[in-house]
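Peer 1: What follows is a structure written as structure tokens; I'll ask about it next.
The values are calculated or read from the model by the stated rules, or taken from the named source; none is laboratory data. Just so you know, these numbers come straight off a predicted model, no measurement behind them. Cβ: placed from backbone, ideal geometry, glycine included. Neighbour counts: every protein chain shown. Ligands, DNA and RNA are stripped out before the accessible areas are found, and what is left, the full protein with its side chains, is counted by its heavy atoms. Shrake-Rupley method; radii C 1.70, N 1.55, O 1.52, S 1.80 Å.
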Amino acid sequence: MTVLAILNGRVVDPVAGSVIPGGVLIRDGRIAEVGMIDMPPGAETLDARGSLIAPGIVDIGCFAIDMPAFAAGGITRIALMPDQSPPIDDGALVQRALAAGKPALWVHPIAAATHALAGTDLAEIGLMAAAGAVAVSTGRARIADARVMHRVMRYAAALGLVTIAHAEDEGMVRGTVATDGETATRLGLPSAPAIAEAMAVARDLMLAEATGAPIHFRQLTTAAAFNLVRAAKARGLPVTCGITPAHLYLSDTEIGPFRTFARLSPPLRCEADRQAARRAVADGTIDMLCSGHDPRGSEEKRLPFTESEPGMAGAETLLTLSLGLVRDGLITLPRLFDLLSAGPARRFGLPGGSVAPGSEADLILVDENAPWQIRGDRMAAVAGNTPFDGLPVQGRVRTVIKGGRVL
């Protein structure tokens with residue numbers, strides 16, 4: 001029996017909503033005691049030195065397996081998007097993705113809703129669920145055909161899976177790279193109105209209401225979309241949504257002058273929508289914070305804005321940027337780790353996200369006040385394409401513990 005005692009920390013329990021002094025005792029990869037623990041003879045010890053002891057981050061909707069970035073960001077489990085090469089649309093590809101990263105990281109594959117993510121013919125969702133897929137997704141784009149989406153949602157629900165949807169009306173956003181507004185007009189960029197998001201959300205919420213199927217919008221970014229989700233939750237629909245820190249801290253002015261590192265999907269929105277997103281975090285409309293980790297190399301980013309690929313390397317900045325929401329008074333520390341860890345694990349039926357005795361010992365030690373500067377050229381990710389390059393921040397992961405093992 002292996003025993004590890006983490007001492008002299010502050011334990012963040014997102015389920016109980018508390019932060020208590022003390023430590024965590026781990027036996028054979030599982031949490032045995034929390035708080036003022038009884039030290040068994042022969043136990044290994046780890047001095048937390050006043051750091052937060054919190055559940056490892058469960059990151060929903062990553063586009064790449066990037067071990068150094070995940071370790072730097074305190075991410076111990078990811079749900080991998082099906083937008084791979086080739087797309088994850090059969091059981092063998094699910095099994096291959098499951099094996100990637102262990103034992104340092106658990107990868108939970110998300111099944112493609114349609115063959116090759118083409119949006120037409122349903123993929124073998126049942127076989128992928130049997131192979132270990134934890135959800136079904138439309139991928140980077142939504143399914144345009146409402147009849148196909150209706151079938152996907154019904155089939156996924158029958159298998160106990162949540163459907164993860166991309167929320168942009170494809171007709172409105174086709175050929176565009178920005179949100180309608182002063183910045184896009186001034187730069188001469190092809191743009192789409194922000195209502196493209198709410199239009200997609202409205203349709204899929206109607207399908208969720210008709211089928212009773214659970215749906216998760218991977219990223220929502222506009223006031224109109226948040227209003228739709230609030231109303232749907234009030235009616236009791238099984239709907240959740242996520243957001244990245246980029247849409248909480250940055251508005252569309254950041255894309256000037258043609259900053260391709262700020263070209264994201266969905267694109268950055270106006271200041272009013274950014275403020276609406278922050279209110280949605282505070283009032284519980286947003287259910288989880290995610291990194292949207294999608295590292296892009298220079299051959300994809302150092303191009304004219306309209307030719308560059310959307311995406312950012314977000315894994316190692318997710319926690320430090322999210323801690324800013326606590327300092328701003330929008331949420332508490334336990335609520336933060338519910339958004340980062342417990343909430344995602346609960347929604348998708350994953351282990352992790354808990355410090356309760358008996359839980360798997362996926363933990364991180366965090367110095368919440370450690371100052372550092374985000375530097376794209378020094379990031380652990382395979383590519384440092386971050387819109388936060390040069391930003392001074394506070395809060396850094398000191399130690400990652402996966403299954404009771406210090407990484």
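Peer 1: If Lys and Arg each add +1 and Asp and Glu each add -1, what is the summed charge of the other residues whose beta carbon sits under 11 Å from the beta carbon of residue 111?
Peer 2: Every neighbour counted, the sum reads -3.
Peer 1: Can I ask one more? To the nearest µm²/s, what D does Stokes-Einstein give for region 179-304 at 4 °C and 1.567 mPa s, using the Kirkwood radius over alpha carbon pairs as Rh?
Peer 2: Translational diffusion coefficient: 84 µm²/s.
Peer 1: Another question about this same structure. Using DSSP, restrict attention to beta bridges with both residues in the chain and report what percent are antiparallel, rounded to the nearest 5.
Peer 2: Percentage antiparallel, nearest 5: 50.
Peer 1: For region 63-124, count all C-alpha to C-alpha pairs, find those more than 17 Å apart, and express that count as a whole percent of the total.
Peer 2: Percentage above 17 Å: 39.
Peer 1: Roughly how big is the chain's charge dipole about its Cα centre, with Cβ charges of +1 (Lys, Arg) and -1 (Asp, Glu), in debye to the nearest 20?
Peer 2: My answer is approximately 360 debye.
Peer 1: Considering amide H positions built from the backbone, and no H for Pro or chain starts, which residues 5 or more places from residue 241, or on another chain, come under 5 Å of its amide H?
Peer 2: 217, 287, 288
Peer 1: Moving on. Which lysines have a Cα lying under 29 Å from the Cα of residue 102, excluding residues fewer than 8 positions away in the same chain?
Peer 2: 402
Peer 1: Near residue 285, within a Cβ-to-Cβ distance under 10 Å, what is the net charge of the other residues, with Lys and Arg +1 and Asp and Glu -1?
Peer 2: Every neighbour counted, the sum reads +1.
Peer 1: Using a 1.4 Å probe and ignoring any ligands, DNA or RNA, find the accessible area of residue 170 and quote it in Å² to the nearest 10.
Peer 2: Ignoring ligands and nucleic acids, residue 170 comes out at about 50 Å².
Peer 1: Further question on the same structure: Ignoring ligands, DNA and RNA, what percent of the accessible area of the chain is carbon or sulfur (1.4 Å)?
Peer 2: Carbon plus sulfur share of accessible area: 53 percent.
Peer 1: Please list, by residue number, everything in region 307-342 whose backbone N is under 15 Å from a paramagnetic label point 7 Å out along Cα→Cβ of residue 372.
Peer 2: Within reach of a label on residue 372: 314-324.
Peer 1: Can you give me the angle between helix 146-158 and the longest principal axis of the chain, using Cα atoms only, in degrees from 0 to 90, rounded to the nearest 10?
Peer 2: The answer is roughly 20 degrees.
Peer 1: Which whole-number percent is the relative contact order of the chain (Cα, under 8 Å, 6+ apart)?
Peer 2: The value is 19 percent.
Peer 1: Please report the accessible area of residue 150 (heavy atoms, 1.4 Å probe, ligands and nucleic acids excluded) in Å², nearest 10.
Peer 2: Surface accessible to solvent at residue 150 totals approximately 60 Å².
Peer 1: Rounding to the nearest 10 and keeping the result within 0 to 90°, find how far the Cα-based axis of helix 271-282 lies from the longest principal axis of the chain.
Peer 2: Rounded to the nearest ten degrees, it is 40.
Peer 1: Enumerate the calculated ³J(HN,Hα) couplings along region 92-100 in order (Karplus 6.51 cos²θ - 1.76 cosθ + 1.60, θ = phi - 60°), each rounded to whole Hz, writing x wherever the residue is Gly or Pro.
Peer 2: Result, ordered by residue: 5, 6, 4, 5, 5, 5, 4, 7, 6 Hz.
Peer 1: Also, I was wondering about something else. Mind listing the phi-derived Karplus ³J(HN,Hα) values for region 315-330, rounded to whole Hz, using 6.51, -1.76 and 1.60 with θ = phi - 60°, and x for any glycine or proline?
Peer 2: After applying 6.51 cos²θ - 1.76 cosθ + 1.60, I find 5, 7, 10, 4, 5, 4, 6, 5, 4, x, 5, 6, 5, 7, x, 6 Hz.
Peer 1: Turning to a different aspect of this structure: Taking Cα centroids, how far is region 57-98 from region 126-169 in Å?
Peer 2: Using only Cα atoms to place each centre, the spacing works out to 17 Å.
Peer 1: Less than 15 Å Cβ to Cβ from residue 346, Lys/Arg counted +1 and Asp/Glu -1: what total charge do the surrounding residues give? Don't skip to the end; give the middle numbers.
Peer 2: Values: positive: 77, 335, 347; negative: 13, 59, 287, 338, 360, 362.
My count for the surroundings of residue 346 gives -3.
Peer 1: Over region 87-238, one equal point on each Cα, no solvent: what is log10 I(q)/I(0) by the Debye formula at q = 0.09, 0.16 Å⁻¹?
Peer 2: With no solvent term, the Cα-only Debye profile gives -0.32, -0.89.
Peer 1: Oh, and also: Of 250, 193, 172, which is farthest on the positive side of the dipole of region 164-265, counting Cα position, with +1 on Lys and Arg Cβ, -1 on Asp and Glu Cβ, and the Cα centre as origin?
Peer 2: 250
Peer 1: Separate question: How many angstrom lie between the Cα centre of region 264-285 and the Cα centre of region 347-390?
Peer 2: Each part's Cα centre sits 22 Å from the other's.
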